[in-house]
């Protein structure tokens, strides 16, 4: 029996590594898919609980009232409610704003006591839950999660009705609700941010 050449040994090792990589990927997808299915089922079971709920954002410039919509992103809406009830957003600030485009709230400060890890085991998957077929409209509230290890759950409020600008948000973040009162407060926040003045989100209350 002839000895295998270095090239043949290298090919055999490559095949073995490739098979191993496919096996690991298959197992990961199987486990991850099951986990996602469980989370989606969990969130759907909460949809009735989420019906007719709203969130009041009490800022240093006035109140913003958000009506929740769990139809397209139930996990994200449930997470937003859980975060709001826990006090996660209390004493946070509005960290970004572009006039006639959007504002971003929920940046935690040294005074923000509640840990995101203690809020809900379902929060890590909200950043994957997006509706790629739907563009937001003026007043929509989007939940921003940059990934399972970031522990950042800021929210974005759309202030533009410019269709090309709205298209840029399509499929990026889940839509959790819509502002039903307080757009004048949002206008003030945009102006103050431009003047480099800090606006606090003092408290969130689920109604």
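The values are calculated or read from the model by the stated rules, or taken from the named source; none is laboratory data. Computed from a predicted model, the values in this text were never measured in an experiment. Neighbour counts run over all protein chains shown; Cβ positions are idealised from the backbone, glycine included.
So, in the stretch 57-85, of the ones that are in contact with a helix residue (DSSP H, G or I) (Cβ under 9 Å, 6 or more places away or on another chain), outside any loop (DSSP other than H, G, I, E, B) and surrounded by fewer than 18 Cβ atoms within 10 Å (Cβ to Cβ), which residue ends up modelled with the lowest pLDDT?
The extreme case among them is 82.
Could we say that residue 189 is in the same structural domain as residue 86 (by TED's automatic domain parsing), at pLDDT 90 or above, closer than 23 Å to residue 52 by Cβ and not in a loop (DSSP other than H, G, I, E, B) here?
So residue 189 does not fit the description; no.
Only one of (1) farther than 17 Å from residue 73 by Cα; (2) in contact (Cβ under 8 Å) with a residue 24 or more places away in the chain; (3) not in a strand (DSSP E or B) is not met by residue 204, so which one is it?
Looking at each condition in turn, residue 204 falls short on (3).
Considering each of 106, 147, 139 in turn, give the residue that is at pLDDT 85 or above, at positive phi and under 15 Å from the mean Cα position of the chain (by Cα).
106
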